[in-house]
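Worksheet: the structure to be examined is printed underneath.
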Amino acid sequence: MNWNRRHLLDLQSLSAEELTLILDTARHFKSLGERPKKKFPALLGKTVVNLFVEPSTRTRISFELAAVRLSADVINFTAEASSLKKGETLKDTVRNLEALQADFVILRHSASGAPHFLSRFARAHVVNAGDGAHEHPTQGLLDTFTIREKKGRLAGLNVTILGDILYSRVARSNIWALVRLGAKVTLCGPPTLVPRQLESLDPNIRVTWNLEEALRDADVVNLLRIQHERQRVTMFPSIGEYAALFGLNPARMKWVKPDALIMHPGPINRGVEIESDIADGDQSVILEQVTNGLAVRMAVLFLLNGGRSGEVAGT
Ligand code: NCD
């Protein structure tokens, strides 16, 4: 099967079949990545531009390595050192990149909708690497991949997302992928960051401000950082108070099932949303999420390029 999309802008518009195709393709790339020969010629001669207008460690490096593993030429563009600082518009920047034959533009931007805007005129494939508080599709895919790999399924699982849901693009992409693939999602955190209206997104979403209730029947607990950079007003009294009321600590781990997965997209604020011993503990799959991100991003680039999942399986 191949994928007939030009861009990956969000997960909200993807069907269960499309999500499963990406996850299955990523599984093949993950097993191929465990062999000594890790490079594939799928994107040979293609140019991938990482256009990151907001800070990033994991996501940018992961996209870069994914493109390199697929044999593409990769250009890393950092806003701080570019003509965006001299007043050039995003549209002009991308037109110039296309004049140099960029085939893929991986965009991270603080404005929600920036990748959708690009996709209206870009000839290149546009991949959303996080737009404002809207979506972070490859993070949603790698989280879903990790859960499916560890638990063997998604349907019927209880996934709790804990923290700053209101400003989190990771939460939104996770929600869409999880509910479409049959999981039940519980959203928990301070009421100012987890409004009750989020329940109206889908019947399989529940909001609770009671941490014990959110943790007790969870098969997965995905913790989120407080997105200070996006909060225009203070949404809670202090970091200390957040940690005291919602931070995952050893006492609260007693409410969590012993086989539940502890996840976090990074960057972690140790001692705030999660205590160090838990982040580094047996139930944590935080670093496996990073490993899986590479396979998922290879799958996305490969499929957008017209690759068929059967081709990877047979490599
Ligand atoms: C997230 C992001 O940038 O949205 N990080 C990531 O991509 N791994 C989450 C965050 O910044 O808290």
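Yes or no, residue by residue, for (1) surrounded by 19 or more Cβ atoms within 10 Å (Cβ to Cβ); (2) within 14 Å of the ligand (Cβ to nearest atom):
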position	(1), (2)
HIS228	no, yes
GLU241	no, no
ASN292	yes, yes
ALA295	yes, no
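Within region 33-60, being without any contact (Cβ under 8 Å) to a residue 12 or more places away in the chain and either within 16 Å of the ligand (Cβ to nearest atom) or not assigned by TED's automatic domain parsing to the domain that holds THR93 (or both) holds for one residue alone: PRO55.
Residue by residue, here is whether (1) in a loop (DSSP other than H, G, I, E, B); (2) surrounded by fewer than 18 Cβ atoms within 10 Å (Cβ to Cβ); (3) touching a helix residue (DSSP H, G or I) at 6+ places or on another chain (Cβ under 9 Å); (4) charged (D, E, K, R) holds:
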position	(1), (2), (3), (4)
HIS28	no, no, yes, no
LYS39	yes, yes, yes, yes
PHE77	no, no, yes, no
GLU80	no, yes, no, yes
GLN101	yes, yes, no, no
VAL105	no, no, yes, no
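One residue stands out in region 51-60 among those that are at pLDDT below 95 and of a type in the set (S, T, N, Q): the one that is surrounded by the most Cβ atoms within 10 Å (Cβ to Cβ), namely SER56. The residues in region 61-83 that are in contact (Cβ under 8 Å) with a residue 40 or more places away in the chain and away from the ligand (no atom under 16 Å from the Cβ) can be counted, and the count is 4.
Would you confirm, using the coordinates I've provided, whether PRO191 is in a loop (DSSP other than H, G, I, E, B), more than 15 Å from the ligand (Cβ to nearest atom), under 28 Å from SER110 (Cα atoms) and free of Cβ contacts under 8 Å to residues at least 40 places away in the same chain? Considered against the rule, which asks whether it is in a loop (DSSP other than H, G, I, E, B), more than 15 Å from the ligand (Cβ to nearest atom), under 28 Å from SER110 (Cα atoms) and free of Cβ contacts under 8 Å to residues at least 40 places away in the same chain, PRO191 comes out as yes.
The values are calculated or read from the model by the stated rules, or taken from the named source; none is laboratory data. For clarity, every value in this text was computed on a predicted model and none was experimentally measured. No Cβ is skipped: glycine too gets one built from the backbone with ideal geometry, and neighbour counts run over all protein chains shown.
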